[in-house]
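What follows is a set of notes on a single structure, which appears directly below.
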Amino acid sequence: MMLSKALHSQMCSAGVDYLVVSGHMSVGAVYFERIDTCLVYNEEYKLFKLKRTPSDPPAQAQKPLPANMCYTITTTGTTGTPKLIHVPYECIAPNVVALSQKLNVSMADIIYLGTPCTFDPFVVELFLALQTGAALLVSHHTMREAPSKVLSALFPTNVTTTGITILQMTPSLFRQFGAAAIRERILSNSSTLRVLLLGGEPFPSSAELITWMEPRVLLQKHICNIYGITEVSCWSLLHILHSLQTQMPLGTPIDDETVVRIQYQSDRNMQHGELFLGSATRRCYIPEIDDVEVVREEDSAICFRSTGDLVVRLEDGTICYGERANDVVKRAGNRISLGLITRKIEKCLPSGELATCLWLEELQKLICCIRTLELKTKVQQRAQTFDILSKLLNAEQPDRFVYLQHFPCNVHGKLDKELLLKECIPLAQPAQEILKSFLHDRLECVDVSNERMAKKQRLECGLQPCGYELSFRQAGGTSFHAITICREIGLQMCIDDEQRHVFEMLLDENVPLRTVLRFLDTAKLVANNTKLKPLEPLANCTSGSGGTCGLTITRIEQPEIKFQLHWKVNFSKCIDSPVSQYEGRYICVGAHSHILRTLDPQTGIEQSSVKLPDRIECKVTFLSEQLAMVGCYDGCLYGFNHLTGDIVWRVEIGGMIKAQPLLTADGSRIVVCSYAEDYNVFCLSAERQEVLWCMKIGEKAIFASPLELPNEQSLVICTLDGGYTRIALTDGSVEWAQKCKEPLFATPVLLDSKPSLFLCAEVAGRVHACHVGNGKIMATYTAEGNIFSSLVVKTPPTQMGYSFVVFGCIDRHVYCLRCNTERVRQPVYFELQWKVDMGAPVYATPTLLTIQLIGHLVWSCATDGRVVLMNFHNGQIQWSAKLPGEIFSTSCYIESLRRVYVGCRDNYLYCLGV
């Protein structure tokens, strides 16, 4: 959990003044004052007091707290903004009393206390042990990130050590043990486990349960579906399985005081109704609701709370879970149920595989994520996709299928749908690629890989149209598909009529797909709603480039330079992180496999390896001869010894870190930018890693690395809401703030050695030269596509008064702009020096190379795996090759070795040398 401004506000609302945290958790000094430190079972804990100001929110409770108060907690926020819940003993006691009786809990039991204390089942585990005299097994927080370590602690193979007997978990967290371990160690006949309580999420299907256990296990162990909400705190219904039946009931009330009510929208003949839980004695105080709503007299005896869950009552009175009420969405005029679609899809899956459907509101896209037990080839995925689509109505068919081996969990062990959605949303695609991806993934008769062969056969044998010669409808597309595609493509359209024209072409059976793709190509779609004209040759040009000032690039048939492969290293999963080097002696890069390796740049031999808890897309920053740092997807900044692989320190930042952390020029401070929702900028002491200050800039995350202004004690930071801000390095105060229309992915960069200007780039294709003193835009150049690449600046000594800016673009080109830096007599301006067609979108930042006897060169990589070496002065291609996978990673060059290091999505890091 991130300790932040949000937590401070929450504690003010709850009327709490003191905070105790584990030693590994960081607390910003802006809102909390450190009082003391103590040791509990050799674990450090820190005591803080809230810093209050007149602007802080007052205590939320307008009524006296319950007389028999036990604790205050918040809802998990899974279905909305967390609410403050004041829980009296009368609410939590029925859980403890009922469970101890129904499950025969005694002093002989060992209960695993594995739930975070911010999730109310923690209280049940703790009180259940206190009530019955059972033992509690507590694990260190670092163990919970490794299911195999937790499994060994709970169910040791050592016969002299006793395993636990009672386990309470969410289904998502329990699944992380893996079906084999569940069957062989947790739910086996010889296992010490006596009671398994699964709650907080929909209970596993009978098909999944069969992969976990034999039916006779139910005679030996209590496998329970337990259900409840924090507002009634915490469990209210319990069902002990007696058979692996098809529909698993939510169960019956856990105590005599709890009652259920199902509220139907119109009449009781409807299949689904919303479940309400009520009790006359289990009444939590919820200021947000109870201080606003007027309680009617007839309802005063029993207090009902909404669950937000839709349920089905069977003929025998059994209540079964249906879905979340907010999982019903409107799609192209049709109401669809994400839960119903998920259940239909899961019926098509092999035993043990899971599905979940996600709704991407911005693009109105339905995404289906499938958790597979084993990696599937593209052919197997397509076959499974088409089988699923054949069993769904048009309105139910997902726009995209994503196959994964693991579903992420949040800190409370529930399926993290927000993180899953982030993993599933593809990077921005050109309109052509959106249509091609849909055709390849969704329509079986359009096989892009075999299209050329199919076309040849059709011409030779007089067969029917195939491939891109088919119309959209002939390829199996429907009007529903056309609406979905046009909605996404339309976001890039300049003119509404063009979007309508695409829709008409897709539905016209006489228009082949090739014609649609050609139209999308000529429409020159851009993200900034500005129609761009094609570049035309400049008149009276006298440069040595054939009269076109280098705008027309001619490939050299016989390359003057040749690169050869020296070595490659497998990272098990794709490498999207930029590659980093230290004084030409070490190469360091992380991968999606969570692996971070330091390698010898000459031989590729591993110097050290670190396994982090989540994927790595951040560039490593070297701090010293024996210390480096890197950000991780788990929201932490890690300091590690790159010579040994030991983690030296860890700081929780609270959100994914993709931007390279900055070590200030004087070496005293570290600045970290992240995807955290509360503070997205942290400044730490480089010596002790203490938080010096933290702040929130803009409304969205930060992808770009910060820019330090030399001798200014200031930073420039760009955000994904289009803002760019100058802040003081000393205390984080804002010196000025400016705003662009589109997000900024590119890292800002100084324009010359006497910095009065810096450059930033909007994703929509606009490159701006901005004044360091006030942030105002002095000049703009607009490329013909989106820019995700950062900018590289070079000021050759032979080009007095000019600097050159190189960047990649998803319009498939690498651009080189010339910008005047001597502005005494004329305003700053950009002009195109050259641009080179790479054949595929360019996301990676180009790398500048200097090779003796050859000169200055530009190295660039495209998403199709192509690597190209260009002349810096005119853009002529000197050498090119193609790697086996896509490339999104920015390369690294060591001049003394004349070698380039490239990360690739085929899981390898490549070393290429002249």
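One table, with the values for the structure above:
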read-out	value
Stokes-Einstein D for region 349-423, Kirkwood Rh over Cα pairs, 20 °C, 1.002 mPa s (µm²/s)	161
Sequence of Glu315, Glu469 when ordered by accessible area, the most exposed leading, probe 1.4 angstrom	Glu315, Glu469
Computed over the chain: relative contact order in percent, which uses C-alpha pairs under 8 Å that are six or more apart	7
Accessible-area ranking of Ile483, Ile367, largest first, probe 1.4 Å	Ile483, Ile367
Average accessible surface area per residue within the chain, 1.4 Å rolling probe, Å²	45
D (Stokes-Einstein, µm²/s), Kirkwood Cα radius, region 98-255, 0.890 mPa s at 25 °C	154
Proximal aspartates and glutamates to Lys568, defined as alpha-carbon separation beneath 17 angstrom and excluding residues fewer than eight positions away on the same chain	Asp576, Asp600, Glu606, Glu886, Asp906
Solvent-accessible surface ranking, highest first, for Trp359, Trp859 at 1.4 angstrom	Trp359, Trp859
Whole-number percent relative contact order across region 759-914, with pairs defined as alpha carbons under 8 Å at least 6 apart	13
Mean Cα-pair separation over length for region 841-914, i.e. relative contact order, pairs under 8 Å, 6 or more apart, %	24
With all protein chains modelled, accessible area of Lys378 [1.4 Å, Å²]	140
Per-residue SASA entry for Thr747, accessible area with 1.4 Å probe, Å² rounded to 10	40
For Glu418, solvent-accessible area (1.4 Å; no DNA, RNA or ligand), Å²	130
Percentage, to the nearest whole number, of Cα pairs in region 745-875 over 21 Å apart	36
Fraction in percent of alpha-carbon pairs per bin - 20 Å, the chain	12, 40, 36, 11, 1
Alpha-carbon centroid distance for the pair region 351-375 / region 149-226, whole angstrom	25
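The values are calculated or read from the model by the stated rules, or taken from the named source; none is laboratory data. None of the values given here were measured: they were computed from a predicted structure. With ligands, DNA and RNA removed, areas are computed over all heavy atoms of the protein, side chains included. Shrake-Rupley method; radii C 1.70, N 1.55, O 1.52, S 1.80 Å.
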